[in-house]
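The values are calculated or read from the model by the stated rules, or taken from the named source; none is laboratory data. Since the model is a prediction, treat every value here as computed from it, not as a measurement. With ideal geometry, Cβ positions are generated from the backbone for all residues, glycine too; neighbour counts draw on all protein chains shown. Side chains included, ligands, DNA and RNA excluded: accessible areas come from the protein's heavy atoms. Shrake-Rupley method; radii C 1.70, N 1.55, O 1.52, S 1.80 Å.
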Amino acid sequence: MLGDPAEALGRVGRSWKWILGSALATLVPGVILLVWPDGTLHVIAVLLGLYLLAIGAFRFVDVFAREEAGERLPGLLLALLYVLAGVLCLRNPLQTITALSLIVGIVWLATGILTLYTALAAKSLPHRGFVLGVAVLGIVAGIVVLALPTESATALTRLLGLWLVLLGLAEATVALAWRAALRRAGLTGSHAHPTTGAV
């Protein structure tokens, strides 16, 4: 049946482990960029491209965890934005410092704004304070990456690595808080999903 795949994706997306997986997909490349600041621009582009593609996949599944089908369009557009940005980062002609900064900055800023809107509009959103914090962090990260000029691959690597680590840790906090809430409620994942989406 057509509804079965969507229901299966929804169950996966409501799992705290899925949220934690998204956090790790952000945290791991951030740590790599920080411990290897002298990597070439090509390596940076590949890492960022893979990160964006992975987060795009996480965001796509996350869409089906929403209770209302009408809430899914912004999430689908966001997932598409991540995938397109990931493809652009992996394209050789666009591997310049300015292009990478622009791509990642726009993605983080758009994600942060959308997440902030969702958190403010949904008064009953679980862990609303955590989600608001992740949204603000995403907006700040996007603004910083777009506003600060980076003259070298090393400077860009350190800047992006730092923000990826911060965003990953913030989303991991949401995942662990979500796990605690599910345990208290005695649920396995059918509760309202705490939308993060700021990474």
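To the nearest 0.05, how large is the calculated FRET efficiency for residue 96 and residue 36 if R₀ is 25 Å and r is the Cβ-Cβ distance?
That pair, residue 96 with residue 36, gives E of 0.80.
How do 154, 111 stack up against each other in accessible area, from largest to smallest, with a 1.4 angstrom probe?
I get 154, 111, largest accessible area first.
Note down the accessible area of residue 47, probe 1.4 Å, to the nearest 10 Å².
Residue 47 exposes around 40 Å² with every protein chain in place.
At what distance in nm do the modelled label points of residue 154 and residue 184 sit from each other, each positioned 7 Å from its Cα along Cα→Cβ?
4.7 nm
For 100, 159, what's the largest-to-smallest order of accessible area, 1.4 Å probe?
Result, largest first: 159, 100.
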